[in-house]
Amino acid sequence: MELIWKDCWNTGIDTIDAQHRSIMNYINQLGHVALGRKPQVPTLLDDDAAEAMHYAAFFGSLATAEFGYVLDEFIRCVEDHFAHEEQLHVEDTYQLSAPHKETHDLFLVRIKKYQADYNQGVDNAEKLFRILNKWIEQHIAYDMDLMASVKRCRLSDGV
Ligand SMILES: [Fe+2]
Ligand SMILES: [Fe+2]
């Protein structure tokens, strides 16, 4: 169930590939927490005890706080990544920028709804993890066309 990076996910744009890898790592962390295994990457208690207390107080327990914390970080990472991709649209006058941005916006609305439900005490962690596990592959596949356009554009500019 753990996501492992595939060569076919490399877009050839280094910043984008690094961001996609970070997103994949967050999904794996969410999976470890949701499925009751210890996260491979240290998250809450190892980082900042005060922040851990804050999350634990909000979620009622550290076990649920861990997922909420990683989900927060995941969404922040995805928002930064989408903003970066959308900046590439503008720079390269990508023809499909509007529908591409729409897929980003729709995804964030959907995920934030799950997040809001989770924060209200709905036990949707495992379901959300399974959705994200499938989503990343679709997301990267959809990005390929944009990144090919960026590369063509950079080649023609001699960058
Ligand atoms: Fe992407
Ligand atoms: Fe995208």
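The values are calculated or read from the model by the stated rules, or taken from the named source; none is laboratory data. Because the structure is predicted, anything quoted here is derived from the model rather than measured. Cβ sites come from the backbone with ideal geometry, for glycine too, and all protein chains shown count toward neighbours.
For the range 116-133, enumerate the residues that are aromatic (Phe, Trp, Tyr) and more than 16 Å from PHE58 (Cα to Cα).
PHE129
Do we find that HIS89 is out of contact with any strand residue (DSSP E or B) (no Cβ under 6 Å at 6 or more places or on another chain), part of a helix (DSSP H, G or I) and in contact (Cβ under 8 Å) with a residue 24 or more places away in the chain in this structure? Full working, then the answer.
On the way: out of contact with any strand residue (DSSP E or B) (no Cβ under 6 Å at 6 or more places or on another chain): yes; part of a helix (DSSP H, G or I): yes; in contact (Cβ under 8 Å) with a residue 24 or more places away in the chain: yes.
Answer is yes for this residue.
What do you reckon, is HIS81 crowded, with 18+ Cβ neighbours inside 10 Å, within 16 Å of ligand 1 (Cβ to nearest atom) and modelled with pLDDT of 95 or more? If you could, list the steps in order and put the result at the bottom.
Details: crowded, with 18+ Cβ neighbours inside 10 Å: yes; within 16 Å of ligand 1 (Cβ to nearest atom): yes; modelled with pLDDT of 95 or more: yes.
The answer is yes for HIS81.
Identify the single condition in (1) more than 21 Å from HIS20 (Cα to Cα); (2) within 16 Å of ligand 2 (Cβ to nearest atom) that PHE107 does not satisfy, given that it satisfies every other one.
(1)
From the set of residues in the range 92-115 that are of a type in the set (A, V, I, L, M, F, W, C) and part of a helix (DSSP H, G or I), which is farthest from ALA56 (Cα to Cα)? Spell out how you get there, then give the answer.
Step one: of the range 92-115, the residues of a type in the set (A, V, I, L, M, F, W, C) are 96, 98, 106-109, 111.
Going one step further and asking which of them are part of a helix (DSSP H, G or I), we end up with 98, 106-109, 111.
Working: ALA98: 40, LEU106: 30, PHE107: 27, LEU108: 25, VAL109: 25, ILE111: 21 Å.
It comes out as ALA98.
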